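The values are calculated or read from the model by the stated rules, or taken from the named source; none is laboratory data. Keep in mind that what you see is a predicted model, and the values were worked out from it rather than measured. Note: ideal-geometry Cβ built from the backbone for every residue, glycine included; neighbour counts use all protein chains shown. Accessible surface areas use protein heavy atoms only, side chains included; no ligands, DNA or RNA. Shrake-Rupley method; radii C 1.70, N 1.55, O 1.52, S 1.80 Å.
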Amino acid sequence: MSAEEQNVLDVLIVGAGPVGLAAGIEAKRSGLNYLIVEAGTLCQSLVEYPAGMRFFSPADDLAIGGYPLATPHDEKPTREIALNYYRKVAETEALKIATYERVVQLAKREPLFQAKAQSQLRQGCQATYLAANILLCTGVWGQPKRLNAPGADLPHVQTRWQEPLTYWRKRVLVVGSGNSAAEAAIRLCDAGAIVSLLVEVESLELGKFRPFILRELQMRLEEDKITLWLHSRVSEIQPGTVHIIVGDDPHEVETDFVILQLGMEADTSLLSPLGVEFNGEGKPLHDSVTFETCAQGVYVAGAISQEGFIFLGRDHVKKIMARLSAGKQSESANLNL
Ligand SMILES: Cc1cc2nc3c(=O)[nH]c(=O)nc-3n(C[C@H](O)[C@H](O)[C@H](O)COP(=O)(O)OP(=O)(O)OC[C@H]3O[C@@H](n4cnc5c(N)ncnc54)[C@H](O)[C@@H]3O)c2cc1C
């Protein structure tokens, strides 16, 4: 047996977001030999969220491992509170996490899986892991949907934003019909940017906005603080100008920055070679009770699965680890017969 094979993991967890961390806790509590491999730092997706971003879920729904998440006056947690909380949980549990290692390949090496991980700090440096099972908790944050229009790759066109002050007194066109677009428009407007919001739907009520975000947006629209382009699409982006079609009519919008908030899509590159199938939205198909994909021993949880909320993900990983632990116990019982 090679040195590698002596350290075969019961489960390799890919991604140290909230759900990957919850999975690590459950694996540890179930007596499984596990490792979490993370492409960035702990909760890299949350690190990249806008500064001061407030979650829409109550604190209890973001908590993992039974550790309470306290916020002043029971408010909904901000990005900063959540990051501090998840770090403390990871430290308290002494979770085994290899950070700055991106899993670039998963392959079946019967009866195990082999994962290759590329160091993000040392070029050309690769680690190989062997595991009986794989749990993918890679989220969708790394894969923003692109705009199919000329100029969409220009440097002033961004798919994410972090610090509102970056846009102070600059003309910003936010494109998107969901909460992230509305929130970007509101936050940048409040921080002194000159904001236009372009939505494809014919009225705001037809957009995918949570009621409290819609109310905040409507307040700024009534005060003429944000310009709204309804039933519109971008036809071309040039430096300084965005050409849009409103209904059937062409218009030009003078713009310094374009912020695209068109949603996210799952990265299928790790799972496709294993034979995993995907739904119309590109999310991996899996059993709704076991969370196993059609590739035996490959599981998905969290935002990469259809059930994106953290409170659902933490529940699903508990069930996955209980199943893996039961499987391990019955295997060793069989060996002892
Ligand atoms: C603005 C915003 C607000 C949100 N508010 C809420 C909310 O209020 N409540 C809620 O439940 N959800 C909310 N969500 C969704 C929430 O962020 C996700 O539910 C949560 O982050 C999912 O956790 P996860 O662990 O599945 O994925 P993520 O948090 O995205 O973590 C995935 C991790 O996997 C890593 N990774 C990806 N690919 C690889 C690879 N190949 N190798 C190694 N590591 C990899 C990433 O770096 C990342 O750290 C919000 C999302 C956004 C964008």
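Quick notes on this one:
- Distance between modelled label sites at residue 104 and residue 67, nm, 7 Å Cα→Cβ extension: 3.2
- Mean Cβ neighbour count within 10 Å, used as a protection proxy, ranking 184-193, 40-49 highest first: 184-193, 40-49
- Residue ranges 70-77, 313-320, 23-30 sort as 23-30, 313-320, 70-77 when ordered by packing (mean number of other C-beta atoms within 10 Å per residue, highest first).
- Inter-label distance for residue 335 and residue 165, nm, one decimal - labels placed 7 Å from Cα along Cα-to-Cβ: 5.8
- Charge tally for residue 247 (other residues, Cβ to Cβ under 12 Å; Lys, Arg +1; Asp, Glu -1): -3.
- Full-stretch length increase - residue 57, residue 78 - with 0.36 nm per residue and alpha-carbon distance subtracted: 6.5 nm
- Backbone N atoms of the range 171-195 closer than 19 Å to the 7 Å Cα→Cβ label point of residue 238 belong to residues 171-173.
- Stretching residue 277 away from residue 254 to a fully extended chain increases their span by 4.0 nm, per 0.36 nm per residue minus the current alpha-carbon distance.
- Working ranking of peptides 174-182, 285-293 by packing, defined as the average number of other Cβ atoms within 10 Å per residue, highest first, is 174-182, 285-293.
- Rounded Å value of the spacing that divides the Cα centres of the range 225-258 and the range 68-107: 39
- Counting only protein heavy atoms and a probe of 1.4 Å, the accessible surface of the range 1-134 is 49% carbon and sulfur.
- The range 202-222 and the range 271-337 have their alpha-carbon centroids 37 Å apart.
- Residues 161, 229, ordered by accessible area of protein heavy atoms at a 1.4 angstrom probe radius and largest first, appear as 229, 161.
- Looking at the range 157-260, the accessible area is 51 square angstrom per residue; that uses a 1.4 Å probe and ignores ligands, DNA and RNA.
- Multiplying the residue separation of residue 296 and residue 123 by 0.36 nm and subtracting their alpha-carbon distance yields 59.0 nm.
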